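Here's the structure, in structure tokens; my notes come after.
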């Protein structure tokens with residue numbers, strides 16, 4: 001017989017009881033904001049666990065949202081792109097939380113989620129690329145996409161070598177938040193293209209710097225290990 005999930009009421013006292021957060025180095029998003037957001041979604045995930053939702057379905061929903069974001073960017077519908085960007089971010093957090101809290105974490109689920117995240121990002125960048133297809137920022141957008149892929153690759157490669165690699169100024173959460181803020185500000189001040197050009201430049205620079213950070217981190221870790229050996 002399966003154990004029922006004990007759901008504690010969401011109070012200020014137990015708000016941060018469910019989430020542990022560890023990160024090395026500076027991130028654009030404040031630690032308190034990250035912990036607060038993860039905690040809210042931790043409690044929200046219990047609802048999906050009780051409904052016995054397969055976390056892989058949430059990962060698929062995240063991919064669908066990402067594809068829609070790309071389409072809405074491509075066809076100059078930034079309001080809808082913003083809505084589905086936020087939904088994509090929600091699915092990105094929820095699938096992992098549901099898997100953890102529902103005791104449904106699997107190796108397949110982990111690689112399935114990570115792979116769909118990459119396809120989702122590609123769809124978003126592709127849509128932006130189509131939107132800016134006649135603009136010089138298209139080349140910078142290509143660098144931004146390369147940087148986002150390298151951030152994920154360097155983390156996976158380092159962890160495959162047995163070195164946990166959680167650091168970086170522009171991780172996936174920051175990339176999503178930056179796109180959301182860029183789209184929102186562009187809509188508010190009625191200068192979508194200009195704001196998104198700035199957003200893409202920040203993404204390109206910060207994402208590639210994050211990849212370099214992680215490569216340098218692995219180098220330092222290996223050097224420290226060699227120096228500590230008798």
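Is there a residue being under 20 Å from the mean Cα position of the chain (by Cα) and closer than 24 Å to residue 74 by Cβ anywhere in the range 207-228? Looking through the range 207-228, at least one residue is under 20 Å from the mean Cα position of the chain (by Cα) and closer than 24 Å to residue 74 by Cβ. Scanning the range 66-83 for residues that are in contact (Cβ under 8 Å) with a residue 12 or more places away in the chain, in a helix (DSSP H, G or I) and surrounded by fewer than 23 Cβ atoms within 10 Å (Cβ to Cβ) gives 67, 68, 71, 72, 74, 78, 79, 80, 82. The single condition from (1) farther than 21 Å from residue 173 by Cα; (2) at pLDDT below 95; (3) touching a helix residue (DSSP H, G or I) at 6+ places or on another chain (Cβ under 7 Å); (4) in a helix (DSSP H, G or I) that residue 104 fails is (4).
Candidates 140, 151: the one that is at pLDDT below 95, surrounded by 15 or more Cβ atoms within 10 Å (Cβ to Cβ) and within 21 Å of the chain's Cα centre (by Cα) is 151.
Mind checking whether some residue in the range 119-128 is under 13 Å from the mean Cα position of the chain (by Cα), surrounded by fewer than 17 Cβ atoms within 10 Å (Cβ to Cβ) and within 16 Å of residue 210 (Cβ to Cβ)? Looking for residues that are under 13 Å from the mean Cα position of the chain (by Cα), surrounded by fewer than 17 Cβ atoms within 10 Å (Cβ to Cβ) and within 16 Å of residue 210 (Cβ to Cβ), one finds none in the range 119-128, hence no. Looking at residue 170, is it modelled with pLDDT under 95, outside any helix (DSSP H, G or I), crowded, with 17+ Cβ neighbours inside 10 Å and within 13 Å of the chain's Cα centre (by Cα)? Spelling it out, residue 170 is indeed modelled with pLDDT under 95, outside any helix (DSSP H, G or I), crowded, with 17+ Cβ neighbours inside 10 Å and within 13 Å of the chain's Cα centre (by Cα). The one condition from (1) surrounded by 15 or more Cβ atoms within 10 Å (Cβ to Cβ); (2) at pLDDT 95 or above; (3) over 28 Å from residue 61 (Cα atoms) that residue 132 does not meet is (3). Of the residues making up the range 174-221, those that are out of contact with any helix residue (DSSP H, G or I) (no Cβ under 7 Å at 6 or more places or on another chain) and over 22 Å from residue 80 (Cβ atoms) are 174, 205, 206, 209, 212, 213, 216, 217, 219, 220, 221.
With the condition kept exactly as written, say whether any residue in the range 16-27 is closer than 16 Å to residue 177 by Cα, buried (at least 16 other Cβ atoms within 10 Å of the Cβ), at pLDDT below 95 and touching a helix residue (DSSP H, G or I) at 6+ places or on another chain (Cβ under 9 Å). Yes, there is a match, as at least one residue in the range 16-27 is closer than 16 Å to residue 177 by Cα, buried (at least 16 other Cβ atoms within 10 Å of the Cβ), at pLDDT below 95 and touching a helix residue (DSSP H, G or I) at 6+ places or on another chain (Cβ under 9 Å). Taken over the range 54-65, residues that are over 14 Å from residue 120 (Cα atoms) and free of Cβ contacts under 8 Å to residues at least 24 places away in the same chain amount to 1. The listed residues are 87, 44, 51, and the only one of them that is in contact (Cβ under 8 Å) with a residue 40 or more places away in the chain and surrounded by fewer than 18 Cβ atoms within 10 Å (Cβ to Cβ) turns out to be 44.
The values are calculated or read from the model by the stated rules, or taken from the named source; none is laboratory data. Not measured: the values here are computed from a predicted model. All Cβ positions, glycine included, derive from the backbone under ideal geometry; neighbour counts span all protein chains shown.
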